[in-house]
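Engineer: Quick one: structure below, then a few questions.
The values are calculated or read from the model by the stated rules, or taken from the named source; none is laboratory data. Not measured: the values here are computed from a predicted model. When we count neighbours, we look across all protein chains shown, and the Cβ atoms used for this are built from the backbone with ideal geometry, even at glycine.
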Amino acid sequence: MTGTRDLWRRARPLERDRSVLLLLTLILVAIATTSASAQSAPRSPASRCTFVTKVVNGQRKRVRVCKQTPLPQAASITATIGLGTSLQGIAVSDDAVWVLSHDRRLFRIDPATNRVAATIPLPDSEWPEGQVLVADGSIWVTVASPDTDFHPEFDSVLRIDPLTNQVLARIHVGHSPMGMTSTPGALWVANHRSEYTATGGEVTGVYDVSRVDQATNLETGRVQIENRQYSNGCCGPWPTTAAAGSVWVGDQNEDGHGFVIRLNPATSAVEARISFAKSKATIGDDVVGDETAIWLVSDGSPYLTRIDPRTNRVVATVKTGEDTVDLTLGLGFLWVTTAQPLSPGALIRINPGTNKVVARTRIQSAGAVAVGEGSLWVASGTKLLRMKPRREAHATRGEKAFG
């Protein structure tokens with residue numbers, strides 16, 4: 001027994017040496033692996049942090065300061081089309097880009113040449129028309145009456161033939177038409193201001209949406225969105241879209257937040273009312289959607305709202321960094337223009353799968369935006385920009401920037 005114990009004692013240092021060698025080997029492998037990973041993986045925003053000495057409440061302290069990783073570029077300009085007037089709205093058909101101007105003209109742009117192919121004068125209105133829509137083989141433009149108190153008959157929608165560039169019909173709708181969308185056989189028009197009494201000059205507090213029959217060019221009904229007991233007559237329905245089998249209308253209300261109405265296009269019934277009273281966001285001027293989400297810009301705030309059409313609830317509020325202006329879906333992403341006082345504005349790209357801002361391109365006086373002909377079309381002051389999306393950058397970098 002003693003001899004065996006002595007042999008075991010002599011063997012233990014050898015085992016310890018082997019354990020040390022094994023541990024050293026594992027450490028070296030771990031260091032090599034970490035080094036290789038660091039070389040192949042992009043740098044994390046945390047790696048850009050440093051410590052500096054600052055005076056805080058009269059005392060010198062070391063403070064950790066982190067520099068945000070810049071967002072990659074969202075898109076590149078491939079053509080600039082000068083139109084000589086401020087631009088209000090954009091829509092794209094099969095063979096043309098339609099642009100509304102501040103001085104009440106509708107420009108037809110040929111995407112094959114990036115040149116103006118036609119200019120269509122529009123009738124006088126209360127404010128520059130901001131809504132142009134491509135639907136049922138026609139171009140539709142809203143016109144708010146210039147004397148809406150006593151001549152509501154001029155509140156209308158123009159139907160334009162893209163083959164002749166001529167106005168086919170002027171269809172009377174509700175008070176101060178703004179937003180538009182279409183479903184099979186019908187055009188839906190959001191009337192922004194309260195209806196007036198039959199004699200004119202006095203508001204009723206009733207805000208509604210007009211339904212137009214595209215086969216007859218006649219208004220066939222109005223859906224009441226709300227009835228305000230006390231109203232100054234302004235700021236009701238505006239942004240409108242058709243998605244997920246419904247018509248969605250944003251009502252800006254007078255409380256600064258508003259709500260969204262979901263309409264059944266077959267019955268004209270209001271199926272849901274989604275309040276923004278507790279949201280950081282407000283109801284802006286535009287809305288887009290598909291089967292999975294309804295997206296709205298805010299009015300004068302840097303937020304974008306996502307509604308789940310399955311639950312009729314706000315499921316995300318995306319901070320964009322600057323006030324949101326307009327938005328569109330296409331080319332695999334959500335595209336949003338932003339603006340801020342003393343800032344040039346921007347076009348940002350949002351991944352709808354993560355609700356994250358992943359890219360941004362600075363654009364002077366960024367305004368309306370649309371997708372078509374494989375391009376992005378963005379209003380920039382008096383110019384129309386044709387832009388090509390940049391290849392997707394590393395998503396983590398973009399997502400970390402706004403977090």
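Engineer: Among the residues of the stretch 159-171, which ones are out of contact with any Lys or Arg (no Cβ under 9 Å at 6 or more places or on another chain) and surrounded by fewer than 17 Cβ atoms within 10 Å (Cβ to Cβ)? Quick ask: steps written out before the conclusion?
Structural biologist: Here is the first cut: in the stretch 159-171, the ones out of contact with any Lys or Arg (no Cβ under 9 Å at 6 or more places or on another chain) are 160-161, 163-164, 166.
ASP161, LEU163, THR164, GLN166, listed by residue number.
Engineer: Here is a follow-up. Only one residue in ASP161, ASP155, ASP136 is closer than 30 Å to LEU83 by Cα, of a type outside the set (A, V, I, L, M) and in contact with a Pro (Cβ under 7 Å, 6 or more places away or on another chain), so which one is that?
Structural biologist: Values: ASP161 fails: in contact with a Pro (Cβ under 7 Å, 6 or more places away or on another chain); ASP136 fails: in contact with a Pro (Cβ under 7 Å, 6 or more places away or on another chain).
The conditions single out ASP155.
Engineer: Determine, yes or no, whether GLY245 is small (Gly, Ala, Ser), modelled with pLDDT of 95 or more and closer than 20 Å to ALA91 by Cβ. Give the derivation first.
Structural biologist: Details: small (Gly, Ala, Ser): yes; modelled with pLDDT of 95 or more: yes; closer than 20 Å to ALA91 by Cβ: no.
When the stated conditions are applied, GLY245 does not pass them.
Engineer: Determine whether THR311 is surrounded by fewer than 24 Cβ atoms within 10 Å (Cβ to Cβ) and part of a strand (DSSP E or B). Don't jump to the end; show me each part of the working.
Structural biologist: On the way: surrounded by fewer than 24 Cβ atoms within 10 Å (Cβ to Cβ): yes; part of a strand (DSSP E or B): no.
Judged against the criteria, THR311 is not a match.
Engineer: For the list (1) without any contact (Cβ under 8 Å) to a residue 60 or more places away in the chain; (2) surrounded by 22 or more Cβ atoms within 10 Å (Cβ to Cβ); (3) farther than 23 Å from ARG193 by Cβ, I need the number of the one condition that GLY258 fails.
Structural biologist: Among (1) without any contact (Cβ under 8 Å) to a residue 60 or more places away in the chain; (2) surrounded by 22 or more Cβ atoms within 10 Å (Cβ to Cβ); (3) farther than 23 Å from ARG193 by Cβ, GLY258 violates only (3).
Engineer: Among the residues of the stretch 120-128, are any of a type in the set (Phe, Trp, Tyr) and modelled with pLDDT of 95 or more?
Structural biologist: Narrowing the stretch 120-128 to residues of a type in the set (Phe, Trp, Tyr): 127.
Next, only the ones that are modelled with pLDDT of 95 or more stay: none.
Within the stretch 120-128, none of the residues are of a type in the set (Phe, Trp, Tyr) and modelled with pLDDT of 95 or more.
Engineer: Pairs please, first residue from the stretch 144-168 and farther than 18 Å from VAL132 by Cα, second anywhere and part of a helix (DSSP H, G or I) and at pLDDT below 95, Cβ atoms under 9 Å, 6+ apart in sequence or on different chains.
Structural biologist: PRO146/PHE154; ASP147/PHE154; THR148/PHE154
Engineer: Can I ask one more? Please determine, by comparing only the residues of the stretch 172-206 that are of a type in the set (Val, Ile, Thr) and under 29 Å from the mean Cα position of the chain (by Cα), which one is surrounded by the fewest Cβ atoms within 10 Å (Cβ to Cβ).
Structural biologist: Of everything passing the filter in the stretch 172-206, THR183 is surrounded by the fewest Cβ atoms within 10 Å (Cβ to Cβ).
Engineer: Filter the stretch 328-367 down to the residues that are more than 23 Å from ASP290 (Cβ to Cβ), touching a residue at least 12 places away in the same chain (Cβ under 8 Å) and outside any strand (DSSP E or B) and list them by number.
Structural biologist: Within the stretch 328-367, GLN340, SER343, PRO344, GLY345, ILE363, GLN364, SER365 meet the criteria.
Engineer: crowded, with 21+ Cβ neighbours inside 10 Å, outside any loop (DSSP other than H, G, I, E, B) and either free of Cβ contacts under 8 Å to residues at least 40 places away in the same chain or not acidic (Asp, Glu) (or both), is that true of VAL134?
Structural biologist: Taking the combined requirement at face value, the residue does not satisfy it.
To keep it simple, each residue is scored yes or no on (1) crowded, with 20+ Cβ neighbours inside 10 Å; (2) free of Cβ contacts under 8 Å to residues at least 40 places away in the same chain; (3) in a loop (DSSP other than H, G, I, E, B); (4) not basic (Lys, Arg).
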position	(1), (2), (3), (4)
PRO265	no, no, yes, yes
ILE283	yes, no, yes, yes
THR292	no, no, yes, yes
ASP299	yes, no, yes, yes
THR305	yes, yes, no, yes
ASP326	yes, no, no, yes
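Engineer: Looking at (1) over 18 Å from ASP285 (Cβ atoms); (2) out of contact with any helix residue (DSSP H, G or I) (no Cβ under 8 Å at 6 or more places or on another chain), which is the only condition HIS172 fails?
Structural biologist: (2)
Engineer: Check GLN224 against each of (1) within 13 Å of GLY174 (Cβ to Cβ); (2) in contact with a Lys or Arg (Cβ under 7 Å, 6 or more places away or on another chain); (3) among the polar types (S, T, N, Q); (4) surrounded by fewer than 21 Cβ atoms within 10 Å (Cβ to Cβ) and name the one condition it does not meet.
Structural biologist: Every condition holds for GLN224 apart from (2).
Engineer: Can you tell me how many residues in the stretch 64-105 are in a loop (DSSP other than H, G, I, E, B) and within 29 Å of GLY179 (Cα to Cα)? Don't jump to the end; show me each part of the working.
Structural biologist: Taking the stretch 64-105 as the starting set, the residues that turn out to be in a loop (DSSP other than H, G, I, E, B) are 67-74, 83-86, 93-96, 102-104.
Then drop every residue that is not within 29 Å of GLY179 (Cα to Cα), which leaves 74, 83-86, 93-96, 102-104.
The qualifying residues number 12.
Engineer: In this structure, is GLY321 small (Gly, Ala, Ser), at pLDDT below 95, over 24 Å from ILE274 (Cβ atoms) and assigned to a loop (DSSP other than H, G, I, E, B)? Break it down into steps so the answer makes sense when it comes.
Structural biologist: On the way: small (Gly, Ala, Ser): yes; at pLDDT below 95: yes; over 24 Å from ILE274 (Cβ atoms): yes; assigned to a loop (DSSP other than H, G, I, E, B): yes.
Yes; evaluated as a whole, the condition is true for this residue.
Engineer: May I ask you to list the residues in the stretch 87-114 that are modelled with pLDDT of 95 or more and polar (S, T, N, Q)?
Structural biologist: Once the filter is applied, which keeps residues that are modelled with pLDDT of 95 or more and polar (S, T, N, Q), the stretch 87-114 yields SER93, SER101, THR113, ASN114.
Engineer: Another question about this same structure. Using beta carbons and a limit of 9 Å, which pairs, at least six apart or on different chains, have the first residue in the stretch 54-68 and without any contact (Cβ under 8 Å) to a residue 12 or more places away in the chain and the second one among the aromatic types (Phe, Trp, Tyr)?
Structural biologist: Qualifying pairs under 9 Å: ARG62/PHE51.
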